[in-house]
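Just so it is clear, none of the values below were taken in a lab; they were calculated from the coordinates. Just so you know, these numbers come straight off a predicted model, no measurement behind them. Because the Cβ atoms are built from the backbone with ideal geometry, glycine has one as well, and the counts that use them run over all protein chains shown.
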Amino acid sequence: MKSVVFFIGYMGSGKSHAILKMAEMNRFETVDLDRAIEQHKGMTIEEIFDQEGEVSFRAMEMRLLKHLVVSEGIRVIGCGGGTPCTAGALDWMKSKGHVVHLSPPFEVIEERLFASTNAPHRPLLMNANGVKKSAEEVKRHWVSRNACYADADERLLKEPGKEDFERWELLLSESGSD
């Protein structure tokens, strides 16, 4: 099977940016898993969480991830922040390819999330009353999520640079075909 590059990390870590950059640089099809889920369900992530709950969302997320890799042959995937926290998900991703944990400092994440107008569209940034969580609450969640990412093949503490993208492209090019 061809190798896949999976980008994982917390909300605002740069996963969507990384897959856009990979799409610009090479011939491999890329997918943002959250956008694929929204397209598949015809609903926003927020609506799915509200109507079906997180447990149902996570099960569907894994089914779609496996379908994209196994049936569609997608080679570059930006995963949702909680994807690797689903039991067995990170091990499965590692069995299919190279997992990159994008891990900028929390201050960078905080700036991106709290400066963003997308907060209402990120269900885990909002409390049960629809109010944006405090930076302290988000940091606690970020710390707990980082434990899910600990076994990634690679951890990048900075913005990916040209050499990083070239290395990932080489990994995909050298992996051959079925």
Just checking, which of 147, 152 is assigned to a loop (DSSP other than H, G, I, E, B) and either under 17 Å from the mean Cα position of the chain (by Cα) or closer than 17 Å to residue 37 by Cβ (or both)? 152
Name, by its number, the condition in (1) surrounded by fewer than 16 Cβ atoms within 10 Å (Cβ to Cβ); (2) closer than 27 Å to residue 158 by Cβ that does not hold for residue 44. (2)
In region 63-101, anything of a type in the set (D, E, K, R) and in contact with a Ser or Thr (Cβ under 8 Å, 6 or more places away or on another chain) is listed as 75, 96
Without any contact (Cβ under 8 Å) to a residue 40 or more places away in the chain, under 30 Å from residue 135 (Cα atoms), touching a helix residue (DSSP H, G or I) at 6+ places or on another chain (Cβ under 9 Å) and surrounded by 15 or more Cβ atoms within 10 Å (Cβ to Cβ) - does that describe any residue in region 86-100? yes
For residue 128, all conditions in the list (1) free of Cβ contacts under 8 Å to residues at least 24 places away in the same chain; (2) crowded, with 18+ Cβ neighbours inside 10 Å hold save one; what is the number of the exception? (2)
